[in-house]
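This report concerns only the one structure given below.
Any read-out appearing in this document is the output of simple, stated calculations on the displayed coordinates, not a laboratory observation. What you are looking at is a predicted structure, and each value in this text was computed from that prediction instead of being measured. Cβ atoms come from the backbone with ideal geometry, glycine included; neighbour counts cover every protein chain shown.
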Amino acid sequence: MVSERTPMQWAQLPAPWRTAFELAWEGLLAGSPPVGAVVVDRAGEVVARGRSRRHEATAPPGELAGSRLAHAEVNALAALPVDSNQDVWLFVTLEPCYLCAAAAAISHVAGVWFAGSDPMWRFLEDIATFHPELERRRYQRRGPMSGPIGAWASLLPLIERVRRNPTGTRIDAFEAAGGDLVEYARDLVASDRANELMHMPLDAAVTSIWRDLVELSSRDRDRGPGDPFGVQNRGQDAGGALFGEPDRPG
């Protein structure tokens, strides 16, 4: 529950983004990668949702669990009809991987907006240039969010990864891009503060480390400390006004 101590930027998150982050938090508490996704229509209403369920035995009908394919975006997009989805956007808390970028293209969504940067999959922003069919299926791409909200979105999966396996290509990619978030995640896990955060409600957890997130985002080459919706649009076709304002869908 939002309290008087909750940072204003976080308290004023649009409803679709709040839902996505709540799903990511559920994933972390369930032992899966903490990524949440929602599909949003032109009116800004959530029409489908999903989260990662990679390390879980069960899932709601129509979703995957206990599989390397049980990603948040896949579980959200699987609920869409087969016909045209060109009026909907996928909002996801972390920059999509190869699987999820392909799922978005095959689903024919209008665009994907991601909150947190994932340098491991950064090369995908140029993948549409490799073949005419990929170009035909190109969608608008926005992200990452600037400021502490974007830092939180990237930090969550790092906490899960460091707790489960503190090495590997994802950790290497984040360290190569600037290792502050990785070191912070390691400190949270080593000090048991990560476990303390996981025993808090989402809003309380964010509030408790907000100042750290502000500092981390000010040093991040992908994000700035300003408006969380003033995204650093690295990807193609970052503009557009699908939901009215160019920079604030939903």
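Observations on the structure shown:
- Dividing the mean sequence gap of close Cα pairs (under 8 Å, 6+ apart) by how many residues region 1-95 holds gives a relative contact order of 26 percent.
- Divided by 2.2 N^0.38 Å, where N counts the residues, the Cα radius of gyration of the chain comes to 0.94.
- Model label points for SER191 and ARG68, set 7 angstrom from Cα along the Cα-to-Cβ axis, are 3.5 nm apart.
- Overall dimensions of region 64-121, expressed as equivalent-ellipsoid semi-axes from the Cα gyration tensor (√(5λ), whole Å, largest first), are 18, 15, 9.
- Segment ARG138-ALA30, length gained on full extension (0.36 nm per residue, minus Cα span): 35.5 nm
- Our summary gives the chain a relative contact order of 19 percent, counting only alpha carbon pairs under 8 angstrom and 6 or more residues apart.
- The distance between label points at ASP41 and ILE106 comes to 2.5 nm (points 7 Å beyond Cα on the Cα→Cβ vector).
- Shown here are the Rg and Dmax of the Cα trace of region 33-104, at 11.6, 35 Å.
- For region 1-87, a crude dipole built from +1 on the beta carbon of Lys and Arg and -1 on the beta carbon of Asp and Glu, taken about the Cα centre, is about 280 debye to the nearest 20.
- Between the C-alpha center of region 133-172 and that of region 9-48 there is a gap of 15 Å.
- Inverse mean reciprocal Cα-Cα distance (Kirkwood Rh) of region 1-54, Å: 11.9 Å
- Here the chain is scanned for trypsin sites (Lys or Arg not before Pro) in DSSP loops (not H, G, I, E, B) that have at most 16 other Cβ atoms within 10 Å, and the longest stretch holding none of them is 139-220.
- GNM flexibility winner over the chain from VAL47, VAL112, VAL92 (Cα, springs under 10 Å): VAL47
- Farthest toward positive dipole pole in the chain [+1 Lys/Arg, -1 Asp/Glu at C-beta], among SER84, PHE114, SER52: SER52
- Counted over all Cα-Cα pairs of region 22-143, pairs farther apart than 18 Å make up 48 percent.
- Per residue of the chain, the DSSP helices (runs of n ≥ 4 H) give a summed -39500 (n - 2.57) that works out to -11500 deg cm²/dmol at 222 nm.
- Within the listed set GLY44, GLY111, GLY27, the Gaussian network model of the chain (springs between alpha-carbon atoms below 10 Å) gives the highest mean-square fluctuation for GLY44.
- Rounded to two decimals, the Cα radius of gyration of region 130-207 over 2.2 N^0.38 Å is 1.39.
- Rough spin-label spacing in nm, given labels placed 7 Å along Cα→Cβ, for THR167 and GLN86: 5.0 nm
- Put a plus charge on the Cβ of each Lys and Arg, a minus charge on the Cβ of each Asp and Glu, and nothing anywhere else: the dipole of the chain about its Cα centre is then about 280 debye.
- Additional length obtainable on full extension of the chain from SER218 to MET200, 0.36 nm per residue less Cα span: 3.9 nm
- Environment charge of ASP187, counting only residues whose C-beta is closer than 12 Å and scoring Lys/Arg +1, Asp/Glu -1: -2
- Choice from ALA128, ALA110, ALA70 with maximal GNM fluctuation in the chain (Cα, 10 Å cutoff): ALA128
- GluC sites (Glu not before Pro) within region 32-80, DSSP loop, no more than 13 other Cβ atoms inside 10 Å: GLU45
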